[in-house]
Each structure stands twice: as structure tokens, then as C-alpha cells.
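The values are calculated or read from the model by the stated rules, or taken from the named source; none is laboratory data. Being a predicted model, the structure only gives us computed values, none of them experimental. A quick note on method: Cβ atoms are made from the backbone with ideal geometry, for glycine too, and the neighbour counts reach across all protein chains shown.
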């Protein structure tokens, strides 16, 4: 069937081209997202990839599979986008309305968006035999953030080799470089990943352990119960707020932040709507207006679990990504 579709696509049949390439759209979007850290930008890059493939399909020689050919185009489109991005001033987050406590560190990642599970590539074809990173791990916030800290070519080599399992020679062909250069870049990328990523052993999605932690977190958060929320954290848990760079580590630092800033000593009340992002439990966060009977969108909160505890709370600010998660901007709230 692929040969029939390929023949039709080469002859200018747009419907045949669509049938030939559509099965790869979601995994290509996951791939672009890993490289650029932005869902919206990844969508645009997939569109560019398919347009470029349509224009070039007549010259496709069949030396590789259609899937590998599309990954080559998509990867190089991402590298071009990252190169263009490097020539522009990085996005600057609006300053917080109140002074924040002194952080433990400032994030090195200038931009990162959460990604709905429907777009992160679950169900991708089985990776090649040289893959080292499981698909579930490869869409986690920790992995995507770690990748964003690497030079563009290194991150492309890491994802193509360790996530998708392409051989060194295949990656060299995709990137127009040598096998030795791929091996060297992979070694540096793995070293950077090992230095940055924190090991975690999350429970299975929707398992009793995950549901227990989620339920306890919602109860504590909606009640502004800082001690109960902190009790759910690992001792070395992190709290981050993309796109703000401040990061806070440890139960005491996180407790102080929520008591003084997040909950403003219990005067701010929230509603949490459960969703999933990056293969992790997450929530749409709404700030309650007790006088108007409405709750306004405030942002997304994503939990990273380690066993039965929370090792990181990532609180994305703003509602720009709400439509991607099917979340309304406001909720009726009579509670």
C-alpha cells in the first residue's frame, strides 16, 4: 500500500501524500517538541516539514523509509528554528507583582511549555534497538528541560540516538555530518543529561499510588494547607515557575513560598482541575473570586512523582496553553 501511495504522491496526488505521511504526524510533533520545548512552535515545524516533504517527494529515492526521511526533514527544520532563535533576544517573563523570596538557583532554560498527553507521542512505534530512553521518560518535563539546556546539534543527536534508537550512521546521514562527530556529540549530551536530570521512579499513570498523591495534593492545595502539602514532598523537592527563572529546593523553602506568596497567608483560594501533561499528573489552576462566584484561570501545575511522593512542582503561569488542554478560561464557582 505504501508503494502505491508513494507512487501517487510522486505524481502529485495530494490525497495519497496525506495518507502516506499522516500516520507520522503525532510522533513528529513529539519529536519537534522535545527539540524546541514549545508545543505551538512544534506544530508549526511539523507543518513546515510536511510542506517541504510534499515539495520534495518527487525526488525521494527510497534509500530510507518515509518515516526516517520525514525525521530528517523535521530535525533540520528544528535546528534551523533554534539557530534563528539564537539571533533573537530570549523571551523575558513579566516581573512578578510582589518581590519573591531568594531562590536556590535561577533556571538556565529560557522557555518551556507543558504538552498534553494527546500530543506527546504515547503510542509511537517501538524505537530502534539502540534506544536508551523510554518513551514515557522522553516526554517528561525533566527530560525536555534538560534537553533545552544543550546546544541544538547535541540535543538532536541525543534524541535521535537515545529516544528514537537510530544508529550512528543514520544520524550522521540525517544531520550531514560524520559518525565520529555523532559519537562525540552523543557522549557530551549524555554527560550533560546525567549532570542535570534527577533520577525519579514515578508510579504508573492512573495507578492507586498516583491517584492517592493527586487527591491529597488537591485537598491540601485547595485548603491552602501548607503543612499537608509539604508532607507530600520529598526532602529535596523543587518548585519552579516557568517562565520565571526562580527555583526553590527543599520542604522549608517551598513551604515559605506558598505561605507567603502562593497562598498569601490563606487569602488566595484555588480550584484545581485534573489533567495530564508530559505523561505526568497535572492540574488546571483557577483563582477563586469569592464575590463574583467565578474562578479565573491562573496557570497549570504539573507534578513529578518519585514513588509515593512529589519530587517537583512545576507551576506554569498564565492561561495561554489552556485551549490545548481543553480548559476554559473561567469556571463557575459557587464554593
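Restricted to region 189-220, and to residues that are touching a helix residue (DSSP H, G or I) at 6+ places or on another chain (Cβ under 6 Å) and assigned to a helix (DSSP H, G or I), which residue is surrounded by the fewest Cβ atoms within 10 Å (Cβ to Cβ)?
Here is the first cut: in region 189-220, the ones touching a helix residue (DSSP H, G or I) at 6+ places or on another chain (Cβ under 6 Å) are 189, 193, 196-197, 203, 220.
After this cut, where a residue has to be assigned to a helix (DSSP H, G or I) as well, the list is 189, 193, 196, 220.
Values: 189: 23, 193: 20, 196: 16, 220: 18.
Once the filter is applied, the top-ranked residue is 196.
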Check: Do you know which residues across region 246-271 are surrounded by fewer than 18 Cβ atoms within 10 Å (Cβ to Cβ) and closer than 30 Å to residue 135 by Cβ?
Finding: 249
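Of the residues that sit in region 140-165 and are within 15 Å of residue 188 (Cβ to Cβ) and in a loop (DSSP other than H, G, I, E, B), which one is nearest to the chain's Cα centre (by Cα)? Give the steps one after another, and end with the answer.
Initially, region 140-165 is screened for residues within 15 Å of residue 188 (Cβ to Cβ), giving 146-147, 149-162.
Subset that is in a loop (DSSP other than H, G, I, E, B): 149-151.
Working: 149: 13, 150: 15, 151: 17 Å.
Going through the qualifying residues, I end up with 149.
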Margin query: Quick check on region 232-242. Is at least one of its residues assigned to a loop (DSSP other than H, G, I, E, B) and either closer than 25 Å to residue 268 by Cα or free of Cβ contacts under 8 Å to residues at least 24 places away in the same chain (or both)?
Written below: yes
Check: Within region 191-214, can you find the residues that are touching a residue at least 24 places away in the same chain (Cβ under 8 Å) and more than 19 Å from the chain's Cα centre (by Cα)?
Finding: 209, 210, 212, 213, 214
Check: List the pairs whose first member sits in region 247-273 and is on the phi > 0 side of the Ramachandran plot and in contact (Cβ under 8 Å) with a residue 12 or more places away in the chain, whose second member is surrounded by fewer than 17 Cβ atoms within 10 Å (Cβ to Cβ) and in a strand (DSSP E or B), and whose Cβ atoms are under 9 Å apart, counting only residues at least 6 apart or on separate chains?
Finding: 250/235; 250/236
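Take residue 8 and decide whether it is at pLDDT 90 or above and not in a helix (DSSP H, G or I).
Values: at pLDDT 90 or above: yes; not in a helix (DSSP H, G or I): no.
Taking the combined requirement at face value, the residue does not satisfy it.
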Item checked: Single unsatisfied condition, residue 333 versus (1) surrounded by 19 or more Cβ atoms within 10 Å (Cβ to Cβ); (2) over 18 Å from the mean Cα position of the chain (by Cα) -> (1)
